[in-house]
Amino acid sequence: MLRNLKMKKKKGFTLIELIVVIVILAVLAVVGLNAMNGFIQRANRARVLANGRAVYLAAMTVGADHIAAKGGAPLTTATELAATEDEIEAVLGANSGIAVNGMANVKLLADGTVDDTSASTFKYVEDVGTIRFTVTKTGPGFTIAEGAVT
């Protein structure tokens, strides 16, 4: 009889074992969601930076178009020295998904390039949820900053 009691195996899990498993799964879920949020944030930064570069290159293309329209002569009038939203959107294409609305005209130099000197920094701003990303170009590189949407 004693041998039968020892040989008898218990079936199922105890309540403590189930609670421990649930706690472990909850901790793993929290860690995973936190890591996923970081990945999403970096992806948004990369996308906005790429959009800013695309707008900058589109403005450069508009400048080249203005130069070509003048037969290669330097740009002189205020109209020639501005890449407008409509012109930039036309270069980007209707399906680009990049919103240029509300962006001030991009200042061009006489040679058709974008004026990105310290006095006239190229800026592209995009809101993603509650975060406002600002892409700037001063000199050879692009930088991105983030802040709260106001």
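Computed from the coordinates by the stated procedures, all read-outs in this text should not be read as laboratory data. All of these numbers come straight from a predicted model, not from anything done at the bench. Virtual Cβ from ideal backbone geometry, glycine too; neighbours counted across all protein chains shown.
Note the angle between two axes, namely the Cα long axis of helix 15-69 and the longest principal axis of the Cα atoms of the chain, as a number of degrees from 0 to 90, rounded to the nearest 10.
Helix 15-69 sits at roughly 10 degrees to that axis.
Length gain on complete extension for the stretch L15 to N37, per 0.36 nm per residue less the alpha carbon to alpha carbon distance?
4.6 nm
Which stretch or stretches of the range 125-148 have amide N atoms under 15 Å from the point lying 7 Å from T113's Cα along the Cα→Cβ direction?
137-142
Check the chain and count each lysine pair with an alpha-carbon distance under 18 angstrom, considering only pairs eight or more places apart or from different chains.
4
Would you work out the relative contact order for the chain, in percent, from Cα pairs under 8 angstrom that are 6 or more residues apart? Numbers along the way, then the final one.
Details: 161 pairs, mean separation 28.7, N = 150.
Across the chain, relative contact order equals 19 percent.
Using unit Cβ charges (K, R positive; D, E negative) and no other charged atoms, how large, in debye to the nearest 20, is the dipole of the chain about its Cα centre?
2120
Quick check on the chain: helices-only [θ] at 222 nm, where DSSP H runs of length 4 and up contribute -39,500 (n - 2.57) each and the sum goes over total residues. Nearest 500, please.
-16000 deg cm²/dmol
Candidates [x] 1.47; [y] 0.99; [z] 1.59; which is the computed Rg/Rh (Cα atoms, Kirkwood Rh)?
For Rg/Rh (Cα atoms, Kirkwood Rh), the calculated option is [x].
Can you check what the net charge comes to around L108, using other residues whose Cβ is under 10 Å from the Cβ of L108 (Lys, Arg +1; Asp, Glu -1)?
Once positives and negatives cancel, what remains is -2.
Using a cut-off of 12 Å between beta-carbons, work out the net charge of the residues near N44 (Lys and Arg +1, Asp and Glu -1, N44 not included).
+1
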